[in-house]
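K.L.:
I'd like to ask you about the structure that follows.
We did not get these values from a lab; they are worked out from the coordinates using the rules stated. All values derive from a computational prediction rather than experimental measurement. FYI the Cβ positions are ideal-geometry reconstructions off the backbone, even for glycines, and counts take in every protein chain you see.
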C-alpha cells in the first residue's frame, strides 16, 4: 500500500509541473494547434541533467463557449528511455483558464486502487485571461480518500497556495529568449497510509511567456534550497 501511494503521489506531482497555461482567447500562452508541443529538460540541485519531458497537444474541442484541450505528456530519463506517460485536460471558459486536478489521475495511476472505493474532491488551478504583475491568483486543492471494506486505508491532500505574479522578466533558455511573467507559489503535500502522516512543502518559481507557455521553473525545499529546475529546450 505504501509503495502504491508513493507512485500515485509522484505521478500527480509530475503532471502538475510543468502546467501549460492558455489565456486571452485560450492562445495567450500556447497556440491551440493539434500535434504541436513543447520539450523540457529537467535538472537536479547540482544542475545535472535528470531527464526530459514532452508535452503534445493531442486534441482541441469546442463546446459552446468552452475550449477543451487534451494534452499528452511523456517523461524520459537522462538516457532518453521512456519512464511515464499520461493525458490530462485544460479548459478555457469565459475569462479564466483552468486545469481540473482530478483529470491528472489517469487509469495507470489508479491501477493499484481498482478494487477500492476512492473519493476525490477539489478545485482547478485557475489562470486569468488578463494576468497582471502584482496580482494574487486563486489557491487550488485536491483531496483523495481511499477506503476498502469500509475502512479508511489512505488519504492524500495537495494544496497550492500563495500564488502571486511577481514581475515580468527577460528569460533565456535553450529554446530562445522570452519576456515572461514570474509566478511564485507554495505546494503542500500530505499523505496518510494506515493513519501515518507524511508531509512535505515546497516553493516554486515559474516563468510563463506569451504564445509559448512555461519556459523555466525552479523548485525549493522548506529551507529555501534549490531542489531542481526545468527549462524549455524545444518548441515543435
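K.L.:
P(r) for the stretch 118-192, please, calculated from all Cα pair distances in 5 Å bins and given in %.
P.N.:
Result returned by the calculation: 3, 13, 18, 15, 13, 12, 9, 7, 5, 3, 1, 0.
K.L.:
I've got another one for you. Treat each spin label as a single point 7 Å out from the Cα along the C-beta direction, and report the residue 43 to residue 143 distance in nm.
P.N.:
4.0 nm
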